[in-house]
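Engineer: Quick one: this structure, given as structure tokens, is what I'll be asking you about.
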Amino acid sequence: MLFDRPTDDILYEALLKRDAAYEGFAWVCVTTTRIFCRLTCPARKPKRENCVFQESIAACLEAGFRPCLRCRPMLRYKGNDATVTALLEALEREPERRWRESDLLAMGLDLSTVRRAFKRQFGMSFLEIARLRRVGLAAETLTGGAPVIEAQLDAGFESGSGFRAAITQLIGSAPRHLRGKGLLRADWIETPIGPMMAIADEHALHLLEFADRPALPNEIRRIRERTGCGIVMGRTPMTDQIERELTRYFDGHDDGFETRIAGHGTPFERMVWSELRRIPTGGIRSYTEQAKAIGRPGSVRAVACANGANQIAIVIPCHRVIGADGGLTGYGGGLWRKRWLLEHERRMAAGQRTAEAAE
């Protein structure tokens with residue numbers, strides 16, 4: 001956090017009261033509908049446990065949420081730029097469209113004017129917003145249990161290579177001024193439930209995420225900022241090691257993971273992640289149980305936030321934490337993957353028990 005903001009409890013109260021005084025401090029993302037709204041939205045209010053508060057519209061989009069059609073959070077209450085309004089309305093009519101600069105030129109728009117207007121209001125260009133909307137649609141498709149290829153096509157990518165190229169393009173090549181300094185290397189690892197991106201240096205793994213995770217571009221930028229390193233496509237011994245361990249895992253062998261993990265995160269987050277790795281294969285916990293396990297029973301929400309901040313999927317098994325009512329709750333890789341991983345690990349644990357009984 002770069003600055004203090006109202007707590008989530010205060011923001012939820014503001015949402016219930018439609019308190020305009022908090023307008024612009026945060027937006028509410030509703031996990032059950034995958035929609036984000038203004039705090040003054042007139043729609044029926046969601047339950048507290050289904051609300052995630054983000055500090056910017058960009059963060060809502062990067063997390064895979066789509067704007068509410070009632071409160072229209074991407075439009076300002078007063079004085080909205082007519083070009084911005086027209087393009088946002090066009091985007092809502094065709095969220096799956098692959099918008100290009102040629103489309104804007106065909107509409108008689110000046111590219112630099114459009115870019116400045118969107119950067120000023122959202123901190124990103126119209127084309128970047130359109131891409132995030134497509135990726136968000138893909139995430140919804142996957143959450144519904146659809147095959148990866150279907151989500152790929154829904155997001156406007158005609159091939160697996162194109163789908164991953166959207167992330168690869170973000171990485172680019174190392175800036176010249178970083179030559180001679182440390183570099184991180186990113187590469188793809190194929191798995192039965194979709195490709196994953198691994199970012200590592202010679203000594204540790206910095207990121208392991210599914211390629212279609214909506215927040216992946218933001219996580220890559222955050223790693224670059226935290227480490228001060230450039231990121232280039234390529235492999236390190238750590239990449240090869242985690243690929244071997246993932247292959248064993250998906251083949252049903254409960255060998256654990258030995259790949260060294262870089263020390264990102266706050267001390268509290270690292271404590272939560274360390275405890276996650278103590279949950280045995282085939283086991284599950286609620287967020288409340290996880291908070292008790294680290295000796296912080298009153299920090300259930302903070303534990304949930306730390307789970308969401310985990311960027312080493314599977315190895316740090318945040319998928320093993322579920323809601324108090326037994327529901328799967330959120331998972332950045334998609335609920336269908338969470339369900340798949342838990343069932344896969346249940347079978348692994350059952351097979352291990354059978355093998356031990358036969359000895």
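Engineer: By how many nm would the segment from Ala293 to Glu356 lengthen if fully extended, with 0.36 nm per residue of separation less the alpha-carbon distance?
Structural biologist: In short, 19.9 nm is gained.
Engineer: Got a sec to turn the phi values of region 280-289 into Karplus ³J(HN,Hα) couplings, 6.51 cos²θ - 1.76 cosθ + 1.60 with θ = phi - 60°, whole Hz, x for Gly and Pro?
Structural biologist: x, 4, x, x, 9, 9, 8, 5, 5, 5
Engineer: Take the residue pairs Lys17/Lys119; Lys47/Lys292; Lys47/Lys338 and return only those whose Cα atoms are more than 26 Å apart.
Structural biologist: On the way: Lys17/Lys119 31 Å; Lys47/Lys292 24 Å; Lys47/Lys338 22 Å.
The answer is Lys17/Lys119.
Engineer: Pairs of alpha-carbon atoms within less than 8 angstrom and 6+ residues apart define the contacts here; what relative contact order does region 180-275 have, in percent? Present the calculation step by step, with values, prior to reporting the outcome.
Structural biologist: Values: 124 pairs, mean separation 28.2, N = 96.
That works out to 29 percent.
Engineer: Within 10 Å of each candidate Cβ there may be at most 16 other Cβ atoms; applying that plus a DSSP loop requirement, which GluC sites (Glu not before Pro) in region 1-105 survive?
Structural biologist: Those that pass, being in a loop and sparsely packed, are Glu55, Glu96.
Engineer: Under the rule of at least 5 residues apart or a separate chain, name every residue whose amide H is placed under 5 Å from the amide H of Ile35.
Structural biologist: Val30, Arg66
Engineer: Choose one of Thr32, Leu69, Ser56: the residue whose Cα lies farthest towards the positive end of the charge dipole of region 1-73 (beta-carbon charges +1 Lys, Arg; -1 Asp, Glu; about the Cα centre).
Structural biologist: Leu69
Engineer: Suppose R0 equals 35 Å. What FRET efficiency, 1/(1 + (r/R0)^6) with r the Cβ-Cβ distance, do Val232 and Lys17 give to the nearest 0.05?
Structural biologist: So the FRET efficiency works out to roughly 0.10.
Engineer: Mind sorting Phe36, Phe118 by how few other Cβ atoms lie within 10 Å of their own Cβ, fewest first? Could the numbers behind the result be given before it?
Structural biologist: Working: Phe36 26, Phe118 21.
So the residues, fewest neighbours to most, are Phe118, Phe36.
Engineer: Could you list which residues have their amide H under 5 Å from that of Val321, counting only those 5 or more apart in sequence or on another chain, with H placed in the peptide plane?
Structural biologist: Answer set, sorted by chain and number: Arg285.
Engineer: Could you check the simple spin-label distance between Gln121 and Trp340, using points 7 Å along Cα→Cβ, in nm with one decimal?
Structural biologist: Result for the modelled spin labels: 3.8 nm.
Engineer: Then there is this: For His264, His206, His253, what ranking results if the residue with the fewest other Cβ atoms within 10 Å of its Cβ goes first?
Structural biologist: His253, His264, His206
Engineer: Let me ask something else. What residues qualify as long-range amide H neighbours of Phe53, i.e. H under 5 Å apart, gap of 5 or more or another chain, H built at 1.01 Å from N?
Structural biologist: Result for Phe53 returns Cys29.
Engineer: Sticking with this one: Provide the percentage of antiparallel DSSP beta bridges, counting only those with both residues in region 1-110; round to the nearest 5.
Structural biologist: The answer is about 70 percent antiparallel.
Engineer: Could you go through region 100-111 in sequence order and give the Karplus-derived ³J(HN,Hα) for each residue, using 6.51 cos²θ - 1.76 cosθ + 1.60 with θ = phi - 60°, rounded to whole Hz, and x for Gly and Pro?
Structural biologist: For region 100-111, the Karplus-derived couplings read 10, 4, 4, 5, 5, 5, 5, 7, x, 9, 8, 4 Hz, x marking Gly and Pro.
Every read-out reported here was derived from the displayed coordinates using simple, explicitly stated rules and does not represent laboratory data. Since this is a predicted model, take the numbers as computed values, not measurements. Note that we place each Cβ from the backbone using ideal geometry, even for glycine, and neighbour counts take in every protein chain shown.
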